[in-house]
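Quick notes on the structure that follows.
The values are calculated or read from the model by the stated rules, or taken from the named source; none is laboratory data. Just so it is clear, the structure is predicted and the values come from calculations on it, not from any experiment. Positions of Cβ are generated from backbone atoms using ideal geometry, with glycine treated the same way; all protein chains shown enter the neighbour counts. Calculation scope for accessible area: heavy atoms of the full protein, side chains included, ligands and nucleic acids excluded. Shrake-Rupley method; radii C 1.70, N 1.55, O 1.52, S 1.80 Å.
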Amino acid sequence: MTPAEPRGDSPPDADAPTGSASVTLADPLDASAATADDRSVTHRRWRWTAQPRPWRWTPGRQDLAVNGVFLVAALWVTCRIWADPAGRVAPLYSGDPAQVQFFLAHSVRVVLHGEFPFYTDQFNYPDGVNLMANTAILALGIPMVPVTLLFGPAVSFVTLVTLGLAGTAAAWYRVLSRHVVRTRLAAAVGAWFCGFSPAMLAHANWHPNIISQFLLPFIVWRVLVLTRSTRPVRDGALLALLVTVQAFINEEILLFTALACGVFLAAVVTQRRALWAAAWCPLGTGLVVCAVLAGALLAYPLYVQFVGPMAYHGLSDTVRDYGNDVASFFAPGSPTLGGNERANVNLAPNYSEENAFFGWSLSLLTVGIVVWLRREVLVRALAVTGVVFAVLSLGERVSWWDRDLFTGPWELLVRLPLLDAVVPTRFGLITTVVVGVLLAFAVERAASLRVPDRRTVRTLTVAGLVLALLPIAPMPLQVTSRPPVPKFITADRWRQYVGPDQTLVAVPVPSMGNTDPMRWAASTDLAFKIPGGYFLAPRNGVTGDPGRFGGRPSGIGDLLEEVAATGRTPKLDDRQRRRFLDELRHWRAAIVVLPLDEPNAEPLRRTVEQLVGPARQELDVWLWDVRTLTSRSA
């Protein structure tokens, strides 16, 4: 763009200041009043006239507009939760949001009370929970402490989801526009898909730790920088800091990123062997520096995770075989414009793990891009990386429309260290990023084509993008109402009963299927302890055993869960009563609480009364004071 020309019929005065204002000369006197013989001095008045600069679409304004679009899109996706953060939740698997809110409240205690960040006994008392092995999102929760204190963990949760989507797209836009492609439009298209793909939308309702990928583009870029770095020690140290912070957001995604960088670099070097001679020394030096520094920073947290109390080895069998169906790559995601939850049944482990779902049009377009740009080394390397992780995401058994075909390669890797704690379907997240980068390359190459009819090329490019991306355009997340925190909790009436080393036992007992009591505790910044909960722990509470969801089995927990599901009141004998009282003593229970509006509240009340006697109503709960029964002297 060229500077604006000065306005007027004559050029501005040479002595006039330059900038946003030009000077014009105006004579306020009537010319007929002055004669040649008039020797009086007439004064000319200078008038400054502000001349606004023509508005220009500068690169900075383009960046601001793109990031604004990302933020608006994220608000659109989360608008139904924003309408009532504390009262709305995903219609399925409500345990994950409750768990995240519990972890956000834990971050408040870490900052304000100096609590140990990597382990807590505020739930699953007295065994506790290894937070390093449960993705406690400290790198997200600690910065969110002011929001959690002012507005509560429910608002912090939806804030993290919104910023996770918009921030991931913005981060990819930054890296793509500055380092990968030359046109901002191409970068915006690629970043849009990286931030708002069906996989990201699927996790948004449940897993802010997974969608908060705003550090990953910079980690990938710093790894690539190391291949030609002249200061590998400094660049390795920068990479180590990024790795350390990402480890406190989500280690699984960090592992995927490291594996993807390895596959991509191997694919590049295989095609251009001469590159290795110049790259291996700075890359090796930088990675060693990164490993040493990040290892030093993460040594103790990782020690707690793998050796500390309530550490487990390997995931629960429930999720170890989670894999994508091959057909899932050709179906649109459920939370998209063209999505259909019923059509996606059995194509993914569940609706929170739809880690592919590109739709037919985008899948075909991606193949077409690879064929079109197959002569480019980077495109071929990206294609190899995307295919490798797509195959790994299929899990131990490869299936088509829920019909098993043959054993997948993941069967050979699932028991390796670190990989035994991976959910294989999530490898599809790497394929998603690959597709986003390929879209950016395609848009840029289309814009640079030297053809006589450029308008036709632009029209075809836009039409292709609309055809591919419109069916998977993001839609607002589905939500349902959830019961409010009881007034008994919010009014602090519980404080007169529960001491520092005692628990509040909710009915039903907190578990994977009943996480409301975790929200109660989170609303008080974890001021009281609870037994049970939703978390990963070693089986039977034995440190080092394989992982499972929840703590050691509970007889009273299983009993109350069955009553809540069936509405039938069992007849308890003396042996059962003694066993259940022993559990209450083990938990050091102070009170047992049953909300009045709990489903099947009446049979639950009658069941608990067989154990500990009559209940009394206090505000909106049935209450049993069991301190005399569970004290150490009882």
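A few comments on the model shown:
- Take the chain with all the other protein chains still there, run a 1.4 Å probe, and you get 48 Å² of accessible area per residue.
- Full-stretch length increase - R627, N540 - with 0.36 nm per residue and alpha-carbon distance subtracted: 28.7 nm
- L150-W82 FRET efficiency (beta carbon distance; Förster radius 22 Å; 0.05 resolution): 0.90
- Cut-off under 5 Å, modelled amide H: who pairs with A589 long-range: T503
- Loop-resident chymotrypsin sites (Phe, Trp or Tyr not before Pro) (DSSP state other than H, G, I, E or B) in the stretch 50-158 with no more than 10 further Cβ atoms inside 10 Å of their Cβ: W55, W57.
- Net length gained if the chain between Q496 and V288 were fully extended (0.36 nm per residue, minus Cα distance): 69.3 nm
- Rounded to 10°, Cα long-axis angle of helix 454-469 versus longest principal axis of the chain: 10
- Between E341 and V72, the C-beta separation translates, for a Förster distance of 35 Å, into a calculated FRET efficiency of about 0.85.
- Per-pair calculated FRET efficiency, R0 = 22 Å: N350 and E602 via Cβ, rounded to 0.05: 0.10
- Projected over all directions and averaged, the alpha-carbon convex hull of the stretch 249-294 occupies 3.6 nm².
- Taking GluC sites (Glu not before Pro) as exposed when DSSP calls them loop and at most 16 other C-beta atoms lie within 10 angstrom, the chain has its longest site-free stretch at 377-634.
- Note on the stretch 202-250: Rg/Rh from Cα positions, Kirkwood definition for Rh, rounded to two decimals, is 1.11.
- Inter-site label distance for A274 and T566 at 7 Å from Cα along Cβ, in nm: 7.6
- For the stretch 234-351: rounded, prolate or oblate by the Cα gyration tensor [a/c cutoff 1.5]: oblate
- Semi-axes of the equivalent ellipsoid for the stretch 142-288, Cα gyration tensor, largest first, Å: 31, 18, 13
- The stretch between L619 and L418, if pulled fully straight at 0.36 nm per residue, gains 67.5 nm over its current Cα-Cα span.
- Size check on the stretch 455-555: the Cα extents along the three principal axes, sorted descending, read 74, 40, 21 Å.
- Note that the chain shows a convex hull volume over its alpha carbon atoms of 245 Å³ per residue.
- Under the combined filter of DSSP loop state and at most 12 neighbouring Cβ atoms within 10 Å, the stretch 341-418 retains these chymotrypsin sites (Phe, Trp or Tyr not before Pro): W401.
- Phi-based couplings in Hz for the stretch 135-149 (Karplus 6.51, -1.76, 1.60; Gly and Pro marked x): 6, 7, 6, 4, 5, 9, x, 5, x, 8, 3, x, 5, 4, 5
- Angle between the chain longest axis and helix 153-175 axis [Cα atoms, degrees, rounded to 10]: 40
- Rounded to 10°, Cα long-axis angle of helix 274-307 versus longest principal axis of the chain: 40
- With contacts taken as Cα pairs under 8 Å at a separation of at least 6 residues, the chain carries a relative contact order of 16 percent.
- Approximating the spin labels as points 7 Å out from Cα along Cα→Cβ, the L460-to-D121 distance works out to 7.0 nm.
- Once divided by 2.2 N^0.38 Å, the Cα radius of gyration of the stretch 545-620 becomes 1.17.
- Among the trypsin sites (Lys or Arg not before Pro) in the stretch 219-304, those placed in a DSSP loop whose Cβ has at most 14 other Cβ atoms within 10 Å are R228, R272, R273.
- Share antiparallel - DSSP beta bridges, the chain, percent rounded to 5: 85
- Projected label points at R397 and L467, each 7 Å from Cα along the beta carbon direction, are separated by 3.7 nanometres.
- Under-5 Å amide H pairs with S511, H placed in peptide plane, nonlocal only: G533
- Between F358 and F330, A331, the built amide H atoms are under 5 Å apart, and every one of these is 5 or more places off in sequence or on another chain.
- Each residue of the stretch 492-501 was assigned a 3J(HN,Hα) from its phi angle through the Karplus curve 6.51 cos²θ - 1.76 cosθ + 1.60 (θ = phi - 60°); the sequence is 6, 5, 5, 4, 6, 10, 9, x, x, 10 Hz, with glycine and proline shown as x.
- Cα shape, the stretch 100-205, gyration tensor, a/c 1.5 rule: prolate
- Heavy-atom surface analysis with a 1.4 Å probe gives the chain a carbon and sulfur content of 60 percent of its accessible area.
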